[in-house]
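Below is one structure, written out as structure tokens; the observations come after it.
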Amino acid sequence: MVQPPIDHVLNLTTQAVLLYGSWVLTVAVLAVAVGMGVRERTAFYPLLVLAVLVGAFVEPLYDTAMMLYFYSTEGMVTHFTAFGIPQPLWTHSGYVVLYALPALFIARAAWRGTLPRPRLFTLAGVVLVMSCVFEMIGINGGAYAYWGPHVLRILDYPVVIGVLEAAQVVVFAVAAHELRRRVRTGVGLLGLFVLFPCVFLGVNFGAGWPVIIAIHLAQPSAALTLAGTLLAMVLALVVVAGAARAATDAAPAAAPDGAARQSLEQVG
């Protein structure tokens, strides 16, 4: 039976690139979010970023399901271990770069009523590419591995992971937009801190269950894993299509007018 690569040596250079690079980008993303919030007089955008930043604490659940292990030899910068998987400090900043950044612009486009379905699918494709690039650097750079019997890999990266990540970002952005449309006070936007982990785990597990079960079988087979992988990707596309329908069906006129919307969101 395949075991997690707990003794695999961590590449400290790759760790440094992911750690410092992603945290610098996180500060920049948060600054952009604050600027967007100031212009629209809402706490929505910075709270969205912070919700994703905090939500990264659910990563060990995801790692266990998807059979991901962060190399944890000497020199690893980690802040906690759960389910036997040490978590690198850059998981939080990585979440902001991969999930919060695109979600900001998807949610803003939905708020402005400038998010036709083709554009949402295009943005989902952009998120997929971002995930592929980020994770291929981490995997091939020697920071972590998807050690399970995944199939359809490109440079050791299971493509299904990127498809599921793109789906959950789109769903989170649309759901966050819907929350913003409906809350009556700025305090209500704190629901983003619950919404993100719900969507993250809900989409990755809800659409990804076929591949999760397939790779965890007592006697996994390439055929069953391939079938589970393809089904998971189909379910992810269905989820994106549903989110696109929800985003475009919610016409801007259905929300309060601009001035009223801004006043509803002012904290205090």
Gyration tensor over alpha-carbon atoms, region 157-231, equivalent ellipsoid semi-axes in Å: 33, 11, 8
Relative exposure of V163, V239, judged by other C-beta atoms within 10 Å (fewest first): V239, V163
Farthest toward positive dipole pole in region 1-136 [+1 Lys/Arg, -1 Asp/Glu at C-beta], among V58, S72, A16: V58
Extension gain from C198 to T13, taking 0.36 nm per residue of separation minus the Cα-Cα distance: 63.2 nm
Distance in nm between pseudo-label sites at I137 and V2 (7 Å out along the Cβ direction from Cα): 2.5
With Cα atoms, 0 to 90° folded angle of helix 192-206 axis to the chain main axis: 50
Whole-Å distance, taken between Cα centres, linking region 207-228 and region 91-155: 23
Per-peptide average of other Cβ atoms within 10 Å, ordering 51-57, 24-30 highest first: 51-57, 24-30
Answer label, with semi-axes √(5λ) of the Cα gyration tensor in Å calculated from the coordinates and candidates (i) 89, 29, 12; (ii) 32, 26, 16; (iii) 33, 22, 14: (iii)
Cβ-based exposure ranking for W111, W147, in which fewest neighbours within 10 Å come first: W147, W111
Within region 95-224: Cβ-based charge dipole about Cα centre, in debye rounded to nearest 20 (Lys, Arg +1; Asp, Glu -1): 700
Options G202, P4, F121, ranked by Cα towards positive dipole end of the chain, top entry (Cβ charges): F121
Proximal charge balance of M76 [Cβ under 15 Å; K/R count +1, D/E count -1]: -4
Local net charge near V129, Cβ-Cβ under 12 Å (Lys/Arg +1, Asp/Glu -1): -2
R153, R39, R108, R180 arranged by Cβ crowding within 10 Å, fewest neighbours leading: R39, R153, R108, R180
Under 10 Å, Cβ to Cβ, from A244 - net charge with Lys/Arg +1 and Asp/Glu -1: +2
Hull volume in cubic angstrom per residue (convex hull over the Cα atoms of region 1-149): 113
Rough spin-label spacing in nm, given labels placed 7 Å along Cα→Cβ, for L25 and R112: 2.3
CD proxy at 222 nm, helix term only [per DSSP H run n ≥ 4: -39500 (n - 2.57); per residue of the chain; nearest 500]: -21500 deg cm²/dmol
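Quick note: the coordinates plus some simple rules give every number you see, no bench work behind them. Please read all numbers here as calculations on a predicted model, not as lab measurements. Every residue, glycine among them, receives a Cβ derived from its backbone with ideal geometry; neighbour counts consider all protein chains shown.
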